[in-house]
1. Evaluate segment 192-200: report whether one residue or more is in a helix (DSSP H, G or I) and under 22 Å from P301 (Cβ atoms).
2. Restricting the search to segment 103-153, which residues are open to solvent by 20 Å² or more (accessible area, probe 1.4 Å), more than 15 Å from the ligand (Cβ to nearest atom) and at pLDDT 95 or above?
3. Can you spot a residue in segment 277-291 that is within 16 Å of the ligand (Cβ to nearest atom) and not acidic (D, E)?
4. Can you say whether D230 is over 15 Å from the mean Cα position of the chain (by Cα) and at pLDDT below 95, as far as the supplied structure shows?
5. Suppose the filter is aromatic (F, W, Y) and at pLDDT below 95; does Y48 pass it?
6. Considering only segment 222-255, state which residues are in a helix (DSSP H, G or I) and surrounded by fewer than 21 Cβ atoms within 10 Å (Cβ to Cβ).
7. If you go through segment 154-192 one residue at a time, how many are open to solvent by less than 10 Å² (accessible area, probe 1.4 Å), touching a strand residue (DSSP E or B) at 6+ places or on another chain (Cβ under 9 Å) and under 22 Å from G49 (Cβ atoms)?
8. Go through (1) open to solvent by 20 Å² or more (accessible area, probe 1.4 Å); (2) hydrophobic (A, V, I, L, M, F, W, C); (3) free of Cβ contacts under 8 Å to residues at least 60 places away in the same chain; (4) more than 12 Å from the ligand (Cβ to nearest atom) one by one and return the number of the condition L205 breaks.
Amino acid sequence: MPSYVVETPQQRYFAKVERGILSRVPYYVPDSAGRIFIITTRDVWDLYGGRLRRGLTDRAHEVLFFPGGEQNKRLAAVETLAEEMIAAGGDRSSIVVAFGGGIVNDVGGFVASIFMRGIPVIQVPTTLLAQVDAAVGGKTGVNLASGKNLVGRFHQPHCVLIDPDVLASLPEREYRAGIYEVIKCGVIRSSWLFNLMSEEAKSILAHEPRVVESMIAECVRIKAEVVSADEKEGDLRRILNFGHTVGHALEAETGYTQFLHGEAVAFGMNAAVHLANLLDMLSPDECLSVLETVRLYGPIPSLRGISADALVARLQQDKKTVKGRVHFVLPEKIGRVRVVSGVDEELVLSAVQSALK
Ligand code: GLY
């Protein structure tokens, strides 16, 4: 079964993709660990808690419920979870198992990063988006009223355990939202993965196990490679933000309620390839190929009424905008991207307008 090593100055660990690994999670908890805190949501626990708990019978553990939802991904939730851990006897030997989608991975990882100044976390992602992106790479954190993920830490996990079997119960819309992040991985670093997404859409949408497993594995391989080269996003890791610059603007403009993150990234990728094409970086054929592949997994919710000017204005407020300079990750060809800044605002507006059509 595929297993990829992430090696950063902070930690060396593996991310493993393996059907059924959920029932083997306890095997990966170090013998030296004290109390195990499973941070999860009620719905994930009702569906899969039994499988995860199997094998934990002789280990001291506690299940802590996070209410879920972007609106609850706040410092208050972190404080509540930390208080619950103290009340249940947590100490420096404790370990967190973050068991859920991207939000749980972010919050659980953040709690682990600051509890008693830092304890280990095992990431067990249960959505496609979390499996191919959020759970690997150590980004943890919460939202502020003024924006998403504005408080957080890099806290690399002890390991990441990915069980593709749990995707069977994932709502179709969330599954497709995760697929857009897979397409992103293909465009930035793997023409093989991109071709798989273009050519095997039918099997992927039918959740065919072999093809789903290979697309997850390829994303994890790419993520492990990129994070190992640049843990703190000083350089190479920025390529993972392909589609995110305009995608974040769309999420913010629509109050984080209309679009799932992956759907906003799909829109952002469309805008980015239009922009790359306007800048003569990407051929019209490859631009079309990305647009068509994204469309295969759509549609995303309606974009009616969204103003291109408003989206472009929001780019200035993005967390990744440094000293007023907006950076775009743009493809030069499928499988290779470059970070570009100082792009003429009229061209950006035109690309966003094309993506809105
Ligand atoms: N989700 C992008 C990253 O982990 O850097």
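The values are calculated or read from the model by the stated rules, or taken from the named source; none is laboratory data. Remember, it's a predicted structure, so these values are computed and weren't measured experimentally. Backbone-built Cβ (ideal geometry, glycine too); neighbour counts: all protein chains shown. The area values use the complete protein model at the heavy-atom level, side chains included, leaving out ligands, DNA and RNA. Shrake-Rupley method; radii C 1.70, N 1.55, O 1.52, S 1.80 Å.
1. Checked segment 192-200: at least one residue is in a helix (DSSP H, G or I) and under 22 Å from P301 (Cβ atoms).
2. Listed by number, the residues that qualify are I114, M116, R117, G118, P120, V151.
3. So far as segment 277-291 goes, no, none of its residues is within 16 Å of the ligand (Cβ to nearest atom) and not acidic (D, E).
4. Taking the combined requirement at face value, the residue does not satisfy it.
5. no
6. Those that are in a helix (DSSP H, G or I) and surrounded by fewer than 21 Cβ atoms within 10 Å (Cβ to Cβ): E225, S228, A229, L236, R237, R238, A252, E253.
7. Matching residues across segment 154-192 total 8.
8. All conditions are met except number (3).
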